[in-house]
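I have placed the structure first, in the form of structure tokens, so that the comments after it can refer back to it.
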Amino acid sequence: MAKPHRVYKSSAIVLRQRSLGDTDKIITLYSADYGKIDAVAKGVRRTKSRLAGNVEPLSHGSYMLARGRNLDIITQVQSIETFQPIRDDLSRLSYALYAAELVDRATEEREENFAVYKLLLDTLRRLSTREDIDTVMRYFEMGLLGRLGYRPQLDQCVVKPRPLEDDEAVVWAPALGGVVCSQCRPENVAVTALSKPTIVGLRALQGDNFTEIAQQVSGANVSDELERHLREAIHFALDQDMRSAAFLDAVRRGPGARPVRPPRTGTR
Ligand SMILES: [Zn+2]
């Protein structure tokens with residue numbers, strides 16, 4: 001006789017779903033206790049399915065799963081939040097789906113990271129209630145980079161680490177993972193000038209208190225710059241080929257140039 005399925009439970013957010021056969025779906029969950037999980041929701045493509053409403057992307061619930069031979073199976077769901085205000089507003093919805101997709105792309109299966117779960121949950125709650133959506137998204141992006149080990153270095157020069165003065169001019173070198181001072185401009189790496197309010201805004205986004213940060217950042221009028229710089233940071237952090245290339249360039253610059261961080265290993 002087959003061994004009984006092991007059953008386990010976790011709070012989780014649905015990142016995405018895709019069809020499996022005629023009646024089932026594969027659901028990608030980001031769970032509080034086990035990180036990212038792919039699991040089967042059986043029968044959810046039938047009209048009468050009770051599970052169906054709780055496996056839509058961005059659903060937050062308590063999921064009961066049974067260990068399966070290949071994929072685990074969702075046996076029961078208790079809904080916690082549906083984030084209805086997000087679903088009712090196409091713009092909020094697109095930001096929320098982008099956040100879910102970024103978490104999906106940036107994480108490996110079954111690598112527990114409660115901080116990522118909490119960040120995504122807080123972001124969905126803010127997207128449901130707040131008007132300063134740009135700041136919500138920038139805080140999410142900066143937070144995700146930090147929680148995955150790619151926190152941009154903004155208080156020290158990334159080439160020769162030394163503390164920077166508050167008003168010292170720096171350039172942004174996303175391929176190197178942070179800012180570079182005027183004394184050691186790298187030759188083979190793309191850099192962008194950073195205005196004072198932009199570097200202040202980027203540094204503020206690394207803080208912990210969202211309410212304070214929102215006041216600081218939204219008044220600064222640099223949301224386009226912050227968006228562009230964080231997109232670049234994400235691009236280099238998540239794209240392995242680009243990271244490898246930047247790493248090689250940093251090494252090629254020779255002695256004295258500190259290779260910032262080795263490329264990520266493992267599959268994505
Ligand atoms: Zn320097």
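The values are calculated or read from the model by the stated rules, or taken from the named source; none is laboratory data. These numbers were taken from a predicted model, which means no experiment stands behind them. Cβ: placed from backbone, ideal geometry, glycine included. Neighbour counts: every protein chain shown.
For residue 58, the conditions (1) under 22 Å from the mean Cα position of the chain (by Cα); (2) buried (at least 16 other Cβ atoms within 10 Å of the Cβ); (3) at pLDDT below 95; (4) among the hydrophobic types (A, V, I, L, M, F, W, C) are fulfilled apart from (3). The residue list 71, 58 contains one member that is in contact with a helix residue (DSSP H, G or I) (Cβ under 6 Å, 6 or more places away or on another chain) and in the same structural domain as residue 121 (by TED's automatic domain parsing), which is 58.
The test for being more than 16 Å from the ligand (Cβ to nearest atom), among the charged types (D, E, K, R) and not assigned by TED's automatic domain parsing to the domain that holds residue 35 does not hold for residue 104. The residue that is surrounded by the fewest Cβ atoms within 10 Å (Cβ to Cβ), among those in the range 158-181 that are under 29 Å from residue 105 (Cα atoms) and near the ligand (Cβ under 8 Å from one of its atoms), is 180. Output yes when any residue across the range 137-145 is touching a Pro at 6+ places or on another chain (Cβ under 9 Å) and either touching a residue at least 40 places away in the same chain (Cβ under 8 Å) or more than 20 Å from residue 210 (Cα to Cα) (or both), and no when none is. Yes, there is a match, as at least one residue in the range 137-145 is touching a Pro at 6+ places or on another chain (Cβ under 9 Å) and either touching a residue at least 40 places away in the same chain (Cβ under 8 Å) or more than 20 Å from residue 210 (Cα to Cα) (or both). In a residue-by-residue description of the range 30-41, the property of being basic (Lys, Arg) and modelled with pLDDT under 95 applies to no position. Scanning the range 88-114 for residues that are assigned to a helix (DSSP H, G or I) and over 17 Å from residue 37 (Cβ atoms) yields a total of 11.
For the range 50-80, residues that are basic (Lys, Arg) and farther than 17 Å from residue 36 by Cβ total 2.
Of the candidates 7, 44, the single residue that is surrounded by 18 or more Cβ atoms within 10 Å (Cβ to Cβ) and more than 22 Å from the chain's Cα centre (by Cα) is 44.
Kindly check whether there is at least one residue in the range 134-154 that is away from the ligand (no atom under 16 Å from the Cβ), surrounded by 13 or more Cβ atoms within 10 Å (Cβ to Cβ) and of a type in the set (Gly, Ala, Ser). Yes, the range 134-154 has at least one match.
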